[in-house]
Amino acid sequence: DLLIEGKYWAKNVQGKNFDKFYDYPLSWESISKYPKEIKTNIINEINAISPDSKAKASNYEEYIEALTGKTLRKMFFERYPEKLWGISVKDMTADWAPKRVNIFDKKALFFEGQWTAVGKNGAGPVYERIADEIRNSSGDIYLENQITKIETSNGAITEICTVDKKIQVGNTDVVVSSLPIVSLIRMLGHSTKLKYRGVMIFYLDCMKKRILPKDAHWLYYDSKEVYFSRITEPKQMKVNVPSSEKTLLTIEVPFTVGNELDKKDIGEITKEIIEQVEKIGLITKSDVVDATMVKEKFVYPLQYQGYSKELARVNSIIGDVKQLYSLGLGGEFNYADTQIIFEKAFDFAKSLTIDDDVSIRGIKMP
Ligand SMILES: Cc1cc2nc3c(=O)[nH]c(=O)nc-3n(C[C@H](O)[C@H](O)[C@H](O)COP(=O)(O)OP(=O)(O)OC[C@H]3O[C@@H](n4cnc5c(N)ncnc54)[C@H](O)[C@@H]3O)c2cc1C
């Protein structure tokens, strides 16, 4: 009852004047409408891909080229990932790349073949429902209560400190952390080179009935001239809005902690974002009646060359702490959508509660 089903389309916006809209995912139907020369190159390059080039690929760039050929790689898998991740595709590992790049016959939905829905009133009510269930099952939730320290002794957690609480932890208690793994490891007294890419999300409340083109729910931008990588208009996905005369744009800006964008004053960067959305032709400044921004520092784990060795080291430190398990997007250092995170959490809970040889608890606390 909290969700509303829908089918969502995406476009990649390119061109000097932000006026070239390419359907994404790729399809032969869309490619057939590309200029003749580009189309011919794409077909020739795909036909020339040798069967072993994927296995030989040593980085993201080579892996993608082994899937799509050079032209499609340069159109869709170079500027955009570099903007999103903030590093060159040459420095990204091959296992960072999508394992398959589907080229559908017909123009395809963004999540082709999958059930898709949005929260009728956004994502918040879904989490409020979960919170109610936790409280109804005698669980406690402490909001706005930052964890500051984890005390250990002889390889076991003894105390978890928050800004205003000290929680004693017994030897047979179970501690499941969904903190970013870098924060967890620091609280255990270690350091790590693992890094995340963050996202600033700007919400522009606009006095307009609709903004995005009719057949697009997400617009992706790879241009260096604008800070954002993606714009969404939740109203077009049937998320409720307070007034039919107004709509909201959500604008995602990838950043790295401490970089130029991160250091900008909120007022200054918000003004620039509004100017950039005007520049790409979606709104005029006077349409915006309110603007807010949230900053998430730990979103996309950076899978640079050599990260997996460092991740294994960090996981072994966590593995050595008797009651501790690290789960979730930041906790496992692996970007995944919510449904995957939840499915993994259900599996984990099951393996924690069953009492046989596949019980995770049995493995950690023999
Ligand atoms: C812009 C954006 C769009 C997305 N869109 C979608 C989508 O459309 N569909 C989808 O399924 N998924 C989407 N995702 C992914 C989704 O948000 C994640 O899969 C999900 O939030 C991961 O849940 P998590 O609990 O593992 O991590 P998080 O949600 O990141 O939770 C970790 C929590 O730890 C808290 N924390 C950190 N440090 C401390 C501390 N010291 N003390 C206490 N708490 C702390 C953080 O505040 C945070 O609340 C999107 C993500 C982003 C950033």
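Please work out which one of (1) surrounded by fewer than 13 Cβ atoms within 10 Å (Cβ to Cβ); (2) touching a residue at least 24 places away in the same chain (Cβ under 8 Å) is the condition residue 76 fails and give its number.
Status for residue 76: all satisfied but (1).
So if I check each of 253, 176, which one is touching a Phe, Trp or Tyr at 6+ places or on another chain (Cβ under 6 Å) and either more than 30 Å from residue 281 (Cα to Cα) or modelled with pLDDT under 95 (or both)? Spell out the reasoning first.
Details: 253 fails: either more than 30 Å from residue 281 (Cα to Cα) or modelled with pLDDT under 95 (or both).
Being touching a Phe, Trp or Tyr at 6+ places or on another chain (Cβ under 6 Å) and either more than 30 Å from residue 281 (Cα to Cα) or modelled with pLDDT under 95 (or both) holds for just one of 253, 176, which is 176.
If I ask for residues that are within 12 Å of the ligand (Cβ to nearest atom), closer than 30 Å to residue 239 by Cα, in contact with a helix residue (DSSP H, G or I) (Cβ under 6 Å, 6 or more places away or on another chain) and not in a loop (DSSP other than H, G, I, E, B), which ones from the stretch 161-216 would you list?
Once the filter is applied, which keeps residues that are within 12 Å of the ligand (Cβ to nearest atom), closer than 30 Å to residue 239 by Cα, in contact with a helix residue (DSSP H, G or I) (Cβ under 6 Å, 6 or more places away or on another chain) and not in a loop (DSSP other than H, G, I, E, B), the stretch 161-216 yields 197, 202.
Please go through the stretch 193-207 and give me each residue that is surrounded by fewer than 20 Cβ atoms within 10 Å (Cβ to Cβ) and over 30 Å from residue 334 (Cβ atoms), ordered by number.
Residues satisfying the conditions are 205, 207.
On the basis of being among the hydroxyl-bearing types (Ser, Thr, Tyr), part of a strand (DSSP E or B) and more than 25 Å from residue 352 (Cα to Cα), does residue 148 make the cut?
yes
Here is a list of conditions, (1) crowded, with 18+ Cβ neighbours inside 10 Å; (2) without any contact (Cβ under 8 Å) to a residue 12 or more places away in the chain, and residue 255 meets all of them except one; can you say which number that is?
Of (1) crowded, with 18+ Cβ neighbours inside 10 Å; (2) without any contact (Cβ under 8 Å) to a residue 12 or more places away in the chain, only one is false for residue 255: (2).
Answer with yes or no whether residue 228 is at pLDDT 95 or above and outside the structural domain of residue 77 (by TED's automatic domain parsing). Lay out the reasoning, then the answer.
Working: at pLDDT 95 or above: yes; outside the structural domain of residue 77 (by TED's automatic domain parsing): yes.
So residue 228 fits the description; yes.
Checking residue 125 against (1) under 21 Å from the mean Cα position of the chain (by Cα); (2) within 14 Å of the ligand (Cβ to nearest atom); (3) part of a helix (DSSP H, G or I), which single condition isn't satisfied?
(2)
What residue, of 235, 214, is farther than 30 Å from residue 150 by Cα and modelled with pLDDT under 95? Reasoning before the result, please.
On the way: 235 fails: modelled with pLDDT under 95.
It is 214.
Does the stretch 218-238 hold any residues that are farther than 25 Å from residue 73 by Cβ and within 15 Å of the ligand (Cβ to nearest atom), and which are they? Outline the logic, then answer.
Here is the first cut: in the stretch 218-238, the ones farther than 25 Å from residue 73 by Cβ are 232-238.
If the condition is that a residue be farther than 25 Å from residue 73 by Cβ and within 15 Å of the ligand (Cβ to nearest atom), then 232, 233, 234, 236, 237, 238 are the ones that fit.
All but one of (1) without any contact (Cβ under 8 Å) to a residue 12 or more places away in the chain; (2) surrounded by 12 or more Cβ atoms within 10 Å (Cβ to Cβ) hold for residue 114; state the number of the condition that does not hold.
(2)
Which of the numbered conditions does residue 270 fail, given that it passes all the others? Conditions: (1) in contact with a helix residue (DSSP H, G or I) (Cβ under 9 Å, 6 or more places away or on another chain); (2) in contact (Cβ under 8 Å) with a residue 40 or more places away in the chain.
(1)
Is it true that some residue in the stretch 77-89 is among the aliphatic types (A, V, I, L, M), away from the ligand (no atom under 15 Å from the Cβ) and touching an Asp or Glu at 6+ places or on another chain (Cβ under 7 Å)? Step through it out loud before you land on a result.
Taking the stretch 77-89 as the starting set, the residues that turn out to be among the aliphatic types (A, V, I, L, M) are 84, 87, 89.
After this cut, where a residue has to be away from the ligand (no atom under 15 Å from the Cβ) as well, the list is 87, 89.
Cutting the leftovers down to touching an Asp or Glu at 6+ places or on another chain (Cβ under 7 Å) gives us 89.
Yes, the stretch 77-89 contains a residue that is among the aliphatic types (A, V, I, L, M), away from the ligand (no atom under 15 Å from the Cβ) and touching an Asp or Glu at 6+ places or on another chain (Cβ under 7 Å).
Being at pLDDT below 95 and aliphatic (A, V, I, L, M) is the filter here, so list the residues in the stretch 110-125 that pass it.
Matches in the stretch 110-125: 123 only.
Answer with yes or no whether residue 118 is in contact with a Gly (Cβ under 9 Å, 6 or more places away or on another chain) and more than 18 Å from residue 321 (Cα to Cα). Working first, answer last.
Values: in contact with a Gly (Cβ under 9 Å, 6 or more places away or on another chain): yes; more than 18 Å from residue 321 (Cα to Cα): yes.
So residue 118 fits the description; yes.
Given the condition more than 18 Å from residue 288 (Cβ to Cβ), basic (Lys, Arg) and surrounded by 18 or more Cβ atoms within 10 Å (Cβ to Cβ), answer yes or no: does some residue in the stretch 225-237 qualify?
yes
If I go through the stretch 320-337 residue by residue, how many of them are touching a residue at least 12 places away in the same chain (Cβ under 8 Å) and either exposed (fewer than 14 other Cβ atoms within 10 Å of the Cβ) or not hydrophobic (A, V, I, L, M, F, W, C) (or both)?
Filtering the stretch 320-337 for residues touching a residue at least 12 places away in the same chain (Cβ under 8 Å) gives 320-335.
Then drop every residue that is not either exposed (fewer than 14 other Cβ atoms within 10 Å of the Cβ) or not hydrophobic (A, V, I, L, M, F, W, C) (or both), which leaves 320, 322-323, 325-326, 328, 330-332, 334-335.
Of the residues in that region, 11 qualify.
If I ask for residues that are away from the ligand (no atom under 11 Å from the Cβ) and not hydroxyl-bearing (Ser, Thr, Tyr), which ones from the stretch 147-160 would you list? I'd like the intermediate steps shown before the answer.
Step one: filter the stretch 147-160 for residues away from the ligand (no atom under 11 Å from the Cβ), giving 151-159.
Those that are away from the ligand (no atom under 11 Å from the Cβ) and not hydroxyl-bearing (Ser, Thr, Tyr): 151, 154, 155, 156, 157, 159.
Does at least one position in the stretch 124-133 carry a residue that is out of contact with any strand residue (DSSP E or B) (no Cβ under 6 Å at 6 or more places or on another chain), basic (Lys, Arg) and touching a residue at least 40 places away in the same chain (Cβ under 8 Å)?
Yes: the stretch 124-133 contains one or more residues that are out of contact with any strand residue (DSSP E or B) (no Cβ under 6 Å at 6 or more places or on another chain), basic (Lys, Arg) and touching a residue at least 40 places away in the same chain (Cβ under 8 Å).
The values are calculated or read from the model by the stated rules, or taken from the named source; none is laboratory data. None of these values were measured; they are calculated from a predicted model. So basically every Cβ, Gly included, is an ideal-geometry build from the backbone, and we count neighbours across all protein chains shown.
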